[in-house]
Amino acid sequence: MIEVGGLEKRFGGVTALHGVSFDVQPGETFALLGPNGSGKTTTLKCLAGLVIPSAGQIRINGIDLAGNPVAARAAISYLPQRVAFPEQVTAREVLDFYRRLRNLPVGRVEAALERCALGDAADRVVSEFSGGMMQRLGVAVAVMADASILLLDEPTANLDPEGAADFRTFLASLQELGKTIVFSSHVLSDVDLLAGRVAILVGGRLRAVETIGALRNDLNAQSLLHVRLRNTNKRFCGVAAAAGGSAVRCSTDGLTISALPADRYRILCALAEAGADIHSFSTVEPSLEDIYLRYIHEDPFDLAPAGHSGLREPVAAAG
């Protein structure tokens, strides 16, 4: 369990985090999503104990990170965005160095090499590694301690498409082991495939904490149905609304209707029964990226759809 309350971080006159609050449940994969400079890395470094917050509280498995950092950090492994190791040492030597640093059993080195599919490259020097292999070596260092919580900063940012796909498969295997994973990303596909919930950060402020399911519900709510009519009449707006359209706009050649995909057929039937002469219809399906861009570019208190007020979780209103 990770609990973050009112987290703030100031670097001189610059405030990088403004009262960020969220929680992560045991075994959950939780994403920090936002554009570059949104505060994702600062948040992760605060969670890892590498950056001291200016205000707020972080608790790891019920332990206050500021009050008892050694005990709190014992449950954590952290992978920075850019991993670097001496070029003339082997993967096995890198892992053995970190094993001794953390006073771990000798067998952990081989276990980490196998888990990260580096067994065949264990005795190759790091200078021969591709970007994907280097990232896997960084993960091997992170998982070697068998920590229950993994903090990963932009883990696929430096990988080619094949390497990113392999890495997502590896993270899925860690999910199956019950690891709690918090990762940052600005790549929607990573978040969609891996995370159960996502915190959207913009300019150091938390815009929302959402489940992936809730984001998909937002997508459905913003689907559009365009209906071209040969006998356009404003009264058809009321017919479409009564049949399930959440918003209806009338133009000279027909209607544009915001509606859930499941309601489209009913709306079309209602229009036909009301006398609408339908020439054709088409749909517009928004993407997760569209939802993401709304959070980035619009005012946070103008984002909630009908029936909601403000952000969906109370913690997301902080700052």
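Just so it is clear, none of the values below were taken in a lab; they were calculated from the coordinates. Bear in mind the structure is a predicted one, so any value in this text is a computation, not a measurement. Methodologically, a virtual Cβ is constructed for each residue, glycine included, from the backbone with ideal geometry; neighbour enumeration extends over all protein chains shown.
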*asked:* Under 10 Å, Cα contacts only: if you run a Gaussian network model on the chain, which one of Leu95, Leu177, Leu288 comes out with the highest mean-square fluctuation?
replied: Leu177
*Zero-based 5 Å bins, Cα pair distances in the stretch 173-222, whole percents*: 4, 17, 25, 26, 17, 7, 3, 0
*Kirkwood Rh, angstrom, the stretch 4-77 [1 / mean 1/r, Cα pairs]*: 12.8 Å
*What size of dipole, in debye to the nearest 20, comes out for the stretch 86-144 about its Cα centre when the only charges are +1 on Lys and Arg C-beta atoms and -1 on Asp and Glu C-beta atoms?*
300 debye
_Over the Cα atoms of the stretch 223-284, what radius of gyration and what Dmax do you get, in Å?_
9.7, 26
*asked:* Over the chain, what portion of Cα pair distances is larger than 26 Å, expressed as a whole percent?
replied: 56 percent
*Could you work out the relative contact order of the stretch 86-144, using alpha carbon pairs under 8 angstrom and six or more residues apart, expressed as a whole percent?*
47 percent
*asked:* What's the whole-number percent of alpha carbon pairs in the stretch 103-203 lying beyond 16 angstrom?
replied: 59 percent
*Taking Cα atoms, how many degrees apart are the long axis of helix 161-176 and the longest axis of the chain, rounded to 10 and kept between 0 and 90?*
80 degrees
_Taking amide H atoms as placed 1.01 Å from N in the peptide plane, list the residues 5 or more away in sequence, or in a different chain, whose amide H sits under 5 Å from that of Ala55._
Glu8
*Can you give me the P(r) profile for the stretch 160-273? Cα pairs, bins 10 angstrom wide beginning at 0, each as a whole percent.*
12, 30, 19, 19, 16, 5, 0
_Could you check the spin-label model distance between Ala55 and Leu293? Points 7 Å from the Cα along Cα→Cβ, value in nm._
3.5 nm
_Karplus-derived 3J(HN,Hα), 6.51/-1.76/1.60, for each residue of the stretch 94-103, Hz, glycine and proline x_ = 4, 5, 5, 4, 6, 4, 5, 4, 9, 6
*Based on other C-beta atoms within 10 Å, arrange Glu110, Glu162 from fewest to most.*
Glu162, Glu110
*Value of relative contact order over the chain, rounded to a whole percent, pairs C-alpha under 8 Å and six or more apart*: 21 percent
*Please order Met144, Met134 by the number of other Cβ within 10 Å, starting at the fewest.*
Met134, Met144
*Helix 288-297 sits at what angle to the longest principal axis of the chain, using alpha carbons and giving 0 to 90 degrees rounded to 10?*
90 degrees
*Put +1 on the Cβ of each Lys and Arg and -1 on the Cβ of each Asp and Glu in the stretch 1-147; which of Gly138, Ala48, Leu79 then has its Cα farthest toward the positive end of the dipole?*
Ala48
_Tell me the relative contact order for the stretch 223-284 as a rounded percent, counting alpha carbon contacts under 8 Å between residues six or more apart._
50 percent
_I'd like the per residue volume of the convex hull spanned by the Cα atoms of the stretch 7-156, given in cubic angstrom._
131 Å³
*Give me His297, His226 ranked fewest to most by other Cβ atoms within 10 Å of their Cβ, as a rough exposure proxy.*
His297, His226
*To the nearest Å, what is the center-to-center distance of the stretch 195-235 and the stretch 1-37, using C-alpha atoms only?*
24 Å
*According to the square roots a ≥ b ≥ c of the eigenvalues of the Cα gyration tensor, what is the shape class of the stretch 86-144, taking rounded for a/c under 1.5, prolate for a/b larger than b/c otherwise, and oblate for the remainder?*
prolate
